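Structure first, then comments.
The values are calculated or read from the model by the stated rules, or taken from the named source; none is laboratory data. The shown structure was predicted, so the numbers you read here are calculated from the model rather than taken from an experiment. In this analysis, Cβ positions are derived from the backbone assuming ideal geometry, glycine residues included, and neighbour counts consider all displayed protein chains.
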Amino acid sequence: MRQSKLFTKTRREAPAGEVAKNAQLLVRAGYIHKEMAGVYSYLPLGRRVLTRIENIVREEMDAIGGQEIRMATLHPSENWKTTGGWDGVDVLFKIQSRTEKEYALGQSEEEIVTPIAQEFVTSYKDLPVALYQIGQKYRDELRAKSGIMRGREFGMKDMYSFHQTQEDFERFYQIVKDAYFRIYKRCGLTAKVTEASGGNFSEKISYEFMVLTDAGEDDIVFCNACEFCANAEVAQVKAGDVCPRCGKENVQAARAVEAGNVFDLGQKYPKAFGFTYKDKEGKAQTPIMGCYGIGTTRLMGTLVEVFADEKGIVWPENVAPFAVHLVSLGQSGDEVAKTADALYEDLTKAGVEVLYDDRDVRAGEKFAESDLLGIPQRIVVGKDAATTGVFEVVSRATGVATNMPRAELLASYIKK
C-alpha cells in the first residue's frame, strides 16, 4: 500500500484524556479511533493487526479440534434469567425494546452456546465437542481507563467445550493450555498460568494466563525454574521465598495483565437449561462444560504495552500490519523515487506486504512516523541506493542498520 493513499494520518500529540500507553500510541499512529471511554473503532492499520492476531488464534483453535461458529450478541433476557445472570452479573448491558421486551448485550456466551449444544448433542457419541467464536463483547465497566486492554466493547475469542466426565475436561484443558502457549509465543509474548477464583462464571478454580508488564492490573509471584505462578492475593508465598513447587529458586513478584483464561464451569449451565444426553446405557446424563477465553483486542493492547519504546510502537513480525516500511527520500519523478517504485513493485510481486512511504515530506518526518508505526523493518531508499543499488535496512526492534544489495534484499524476503 502506498502511504499517500492510506486513509489515516499520524498525530504528534497524545489524545487528551488517554492515560494508557497503548491507547495513546495507537491513536497517535492512526490504528484506532476513540468513540467514547472504553469504545474504539479499528482503522485500516489497526484492523490489519487485529486480523493477524485473530488468525493466529483461529489456527490454533482449529488445530485442537475447535469448530468455529458465530453467535448472537443480542441475547433474549429469558436465557439470562434462566441461569441467574440477569440479576447476578453486574456488568451486563440490559436493553428494552419499543415492544417492551428485554434483551442483553452479550458479555459472554454461556447463555447462548448451551441451548445450541443442547439441540445437537443428544448422545455420548456426540461428545466431546468444542465450539468457539471470535467476536464482539459488551461489558458495563465502571472505569474503562486502560485503553483497549479493558473496554466496554471489545473483541474476544471464547470457546466452550462439553464432556462426559471431569477427567475428559481435564485432558482437554491441557490441550488448550498448550495451544494458548503457542498463541502467545507466535505473538511474541511469554505467558504464565495462575490459579484464581472463577468469579461469576464458576465456583471452581479458574486458570488465568498472565503476561508480565507494568501496565498490568494483577500482582503475581512466579518461579523461573518451574511453572509455579500464583496471584499474589491468594499465594502462600511472597517474593524472596523458596519456590513451593520445585524448591530450586526464590519466587519473584511482578505486575501482569490477564491475557486469557480457562473456567471449569462444571454442570452449572447445562443443569440450568435441562441439558442432558444419553450415555452408553441409555441413561440421561448432564455434560461437564468448560470455557476458554482470549481477549483479542486486549492482546493487541498488551503487545503495545510490552514492546513499545520511547519512539513508538514495536510490532512483533507475526502481528505487524506490514512486514516492511519502504521509505523513499526522493521527490516525485526523480531517480530516487523511481528506484523506490521499482523495489516496491518487486517486493509486492514477491508476496511481501509493504507500506510504501511515497509522500513528498521531509526525511525526518518520515523516519519519526516510521518509528511510531512500529513496522518490523524499514528499507530506506536515498541517493546512495539509487546510485549503487545498496539499500539500508533498519530493524525497528533493535535499531540495527544493515546495508544490503538489491538482489540479496529481495532474496531475503522471498525466503521468508
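Of everything in segment 327-374 that's small (Gly, Ala, Ser) and under 31 Å from the mean Cα position of the chain (by Cα), which residue is surrounded by the fewest Cβ atoms within 10 Å (Cβ to Cβ)?
GLY351
Residues checked against (1) of a type in the set (A, V, I, L, M, F, W, C); (2) under 21 Å from ARG48 (Cβ atoms):
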residue: PHE322; (1), (2): yes, yes
residue: GLN331; (1), (2): no, no
residue: ARG362; (1), (2): no, no
residue: ILE375; (1), (2): yes, yes
residue: GLY389; (1), (2): no, no
residue: LEU409; (1), (2): yes, no
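Does ALA272 count as out of contact with any helix residue (DSSP H, G or I) (no Cβ under 6 Å at 6 or more places or on another chain) and not β-branched (Val, Ile, Thr)?
no
Looking at ALA254, is it in contact with a strand residue (DSSP E or B) (Cβ under 9 Å, 6 or more places away or on another chain) and without any contact (Cβ under 8 Å) to a residue 60 or more places away in the chain?
yes
Filter segment 1-38 for residues that are outside any loop (DSSP other than H, G, I, E, B) and hydroxyl-bearing (Ser, Thr, Tyr) and give the result.
Hit for segment 1-38 is SER4, nothing else.
For segment 275-289, give me each residue that is in a loop (DSSP other than H, G, I, E, B) and either within 9 Å of THR114 (Cβ to Cβ) or free of Cβ contacts under 8 Å to residues at least 12 places away in the same chain (or both).
Those that are in a loop (DSSP other than H, G, I, E, B) and either within 9 Å of THR114 (Cβ to Cβ) or free of Cβ contacts under 8 Å to residues at least 12 places away in the same chain (or both): PHE275, THR276, GLU281, GLY282, LYS283.
Among the residues of segment 88-102, is any in contact (Cβ under 8 Å) with a residue 12 or more places away in the chain, aliphatic (A, V, I, L, M) and under 30 Å from GLN285 (Cα atoms)?
yes
Would you check if VAL19 is exposed (fewer than 13 other Cβ atoms within 10 Å of the Cβ), of a type in the set (A, V, I, L, M, F, W, C) and closer than 23 Å to VAL314 by Cα?
Answer is yes for this residue.
Does segment 278-292 contain at least one residue that is in contact with a strand residue (DSSP E or B) (Cβ under 9 Å, 6 or more places away or on another chain), at pLDDT below 95 and surrounded by fewer than 17 Cβ atoms within 10 Å (Cβ to Cβ)?
No, every residue in segment 278-292 fails to be in contact with a strand residue (DSSP E or B) (Cβ under 9 Å, 6 or more places away or on another chain), at pLDDT below 95 and surrounded by fewer than 17 Cβ atoms within 10 Å (Cβ to Cβ).
Six or more apart or on different chains, Cβ atoms under 9 Å: show the pairs whose first residue is in segment 389-411 and more than 27 Å from LYS311 (Cβ to Cβ) and whose second is among the hydrophobic types (A, V, I, L, M, F, W, C) and buried (at least 16 other Cβ atoms within 10 Å of the Cβ).
Between residues of segment 389-411 that are more than 27 Å from LYS311 (Cβ to Cβ) and residues that are among the hydrophobic types (A, V, I, L, M, F, W, C) and buried (at least 16 other Cβ atoms within 10 Å of the Cβ), the close pairs are PRO405/PHE391; ARG406/LEU343; ARG406/ALA385; ARG406/PHE391; LEU410/LEU343; LEU410/LEU347; LEU410/VAL352.
Might you let me know whether segment 118-136 holds any residue that is in the same structural domain as LYS278 (by TED's automatic domain parsing), modelled with pLDDT under 95 and surrounded by fewer than 17 Cβ atoms within 10 Å (Cβ to Cβ)?
So far as segment 118-136 goes, no, none of its residues is in the same structural domain as LYS278 (by TED's automatic domain parsing), modelled with pLDDT under 95 and surrounded by fewer than 17 Cβ atoms within 10 Å (Cβ to Cβ).
For segment 39-68, which residues satisfy the criterion of being surrounded by 14 or more Cβ atoms within 10 Å (Cβ to Cβ), in contact with a strand residue (DSSP E or B) (Cβ under 7 Å, 6 or more places away or on another chain) and part of a loop (DSSP other than H, G, I, E, B)?
Of everything in segment 39-68, those that are surrounded by 14 or more Cβ atoms within 10 Å (Cβ to Cβ), in contact with a strand residue (DSSP E or B) (Cβ under 7 Å, 6 or more places away or on another chain) and part of a loop (DSSP other than H, G, I, E, B) turn out to be LEU43, GLY66.
Which of (1) closer than 15 Å to ALA397 by Cβ; (2) surrounded by fewer than 19 Cβ atoms within 10 Å (Cβ to Cβ) does GLN377 not meet, given it meets every other one?
Result: GLN377 fails condition (2) only.
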